[in-house]
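What follows is a single structure, written as C-alpha cells, with notes after it.
Derivation of every value follows stated rules applied to the coordinates shown; laboratory data play no part. Just so it is clear, the structure is predicted and the values come from calculations on it, not from any experiment. Note: ideal-geometry Cβ built from the backbone for every residue, glycine included; neighbour counts use all protein chains shown.
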Amino acid sequence: MIIAIDGPAASGKSTVSKEIAKRLGYEYLDTGAMYRTVTWQAIQNKVDFSNEAALSVLARNVRISFKENCEDGKLKVRTYLDGINVTEEIRLPKVSNYVSLVAKVPGVRKALVETQRKLAVGKDVVVEGRDIGTCVFSDAKVKIFLNASGKERARRRCLELKNKGHEVSISSLEREIISRDTKDSTRKNSPLLKASDAHVIDTTQKSIEEVVEEILKIIEDKKIDE
Ligand code: DC
C-alpha cells in the first residue's frame, strides 16, 4: 500500500509521515530530500541553476540512499550522496533557496520520479512530497494533503532550525516559505497540487498526535472498505 502525503513547505509532512511509517511498520520515502540532494550536489559542483541540461545529467547520475533507525521512539532518516552523509547539509537555507529552481526542471523530475517509483515498487511505503498523489503514485490507496497557515509554518521551521543551532527570523522564513510555495505551485511540470481524491487536513491548530490519529483512521477506514 502506498500512502501519499503532499503539502507545502513546513506543513508537517515529514514529522507526520515518519510517525505513520513507524506505527504501521511501513517504509518511508522523503522525495523532497532527493530534490534537495541534487541541489546540494549542484552547489558543490558549481553548476549554474539555469543550465537545465547539466542539472538533468546530475539527477540522472546522482546516487542517493537513505538509512533509517529508531532513536528515542522516533524514526530518524539519514540521507547519503555517494555514500556521504548529507542529512544536515541538504537542510541548509542555501539549499532551500535554490531547490525550487532544480525541482522545476523537467529532466530532473523525470529522473527522480523514475527512481521514486523504483524505490517503492512492491512495498508498503509512506511517501511524502508535492506531486505524489497527482503524479508519482496517482493510484495511491490513501492520499493526504497537509496544510497550515504561513505564519505557523514559519514558526515551526524557525524552531526546527533553532534546535540545530541556526538563528533565522520568523519573518524571513515566512517570506522564504511563501516564495518557495509560489514557485512550487506555479511551475509547469507537476506543480504542488491537491489531488482531487486527497483528504485535506489543516494542521495549523492541531498537534502532531491529532494529525497522526486522523490519518491512521483514514487508512483504517480504507482497509475496511476493501
Ligand atoms: O519537502 P521539502 O521542503 O524538503 O522539499 C524541497 C523542495 O523539493 C520543494 O520546495 C519542492 C521540491 N519537491 C518537489 O518538487 N516534488 C516533490 N515530490 C518533493 C519536493
Answer with yes or no whether GLU88 is more than 13 Å from the ligand (Cβ to nearest atom) and surrounded by fewer than 17 Cβ atoms within 10 Å (Cβ to Cβ). yes
Scan the stretch 125-144 residue by residue and report those that are touching a helix residue (DSSP H, G or I) at 6+ places or on another chain (Cβ under 7 Å) and over 22 Å from THR37 (Cα atoms). ALA140, LYS141, VAL142, LYS143, ILE144
Is it true that LYS22 is within 18 Å of the chain's Cα centre (by Cα), charged (D, E, K, R) and surrounded by 20 or more Cβ atoms within 10 Å (Cβ to Cβ)? no
Select, from THR15, THR79, THR87, the only residue that is among the polar types (S, T, N, Q), touching a residue at least 60 places away in the same chain (Cβ under 8 Å) and out of contact with any Gly (no Cβ under 9 Å at 6 or more places or on another chain). THR15
Working only within the stretch 183-223, note down all residues that are of a type outside the set (Gly, Ala, Ser) and under 21 Å from GLY107 (Cα atoms). LYS183, ASP184, THR186, ARG187, LYS188, ASN189, PRO191, LEU192, LEU193
Of the numbered conditions (1) under 30 Å from GLN41 (Cβ atoms); (2) among the small types (Gly, Ala, Ser); (3) crowded, with 20+ Cβ neighbours inside 10 Å, ALA198 satisfies every one except a single condition; which is it? (1)
All but one of (1) in contact with a Phe, Trp or Tyr (Cβ under 8 Å, 6 or more places away or on another chain); (2) assigned to a strand (DSSP E or B) hold for LEU146; state the number of the condition that does not hold. (1)
If only one of LYS22, LYS18, LYS118 is more than 16 Å from the ligand (Cβ to nearest atom), under 30 Å from ILE219 (Cα atoms) and of a type in the set (D, E, K, R), which one is it? LYS22
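One line per residue, one yes/no per condition, for (1) away from the ligand (no atom under 13 Å from the Cβ); (2) of a type outside the set (Asp, Glu); (3) under 18 Å from the mean Cα position of the chain (by Cα):
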| residue | (1), (2), (3) |
| --- | --- |
| GLY133 | no, yes, yes |
| ASN163 | yes, yes, no |
| SER169 | yes, yes, no |
| GLU176 | no, no, yes |
| LYS188 | no, yes, no |
| LEU193 | no, yes, yes |
| ASP197 | yes, no, no |
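Anything in the stretch 99-109 that is part of a helix (DSSP H, G or I) and either within 15 Å of the chain's Cα centre (by Cα) or without any contact (Cβ under 8 Å) to a residue 24 or more places away in the chain (or both)? List them, or say none.
Within the stretch 99-109, VAL99, SER100, VAL102, ALA103, ARG109 qualify.
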Which one of these is more than 13 Å from the ligand (Cβ to nearest atom) and under 25 Å from ALA53 (Cα atoms): SER100, SER65, SER96? SER65
Selection from the stretch 111-150 of residues buried (at least 20 other Cβ atoms within 10 Å of the Cβ), acidic (Asp, Glu) and over 19 Å from GLU213 (Cα atoms) yields ASP131
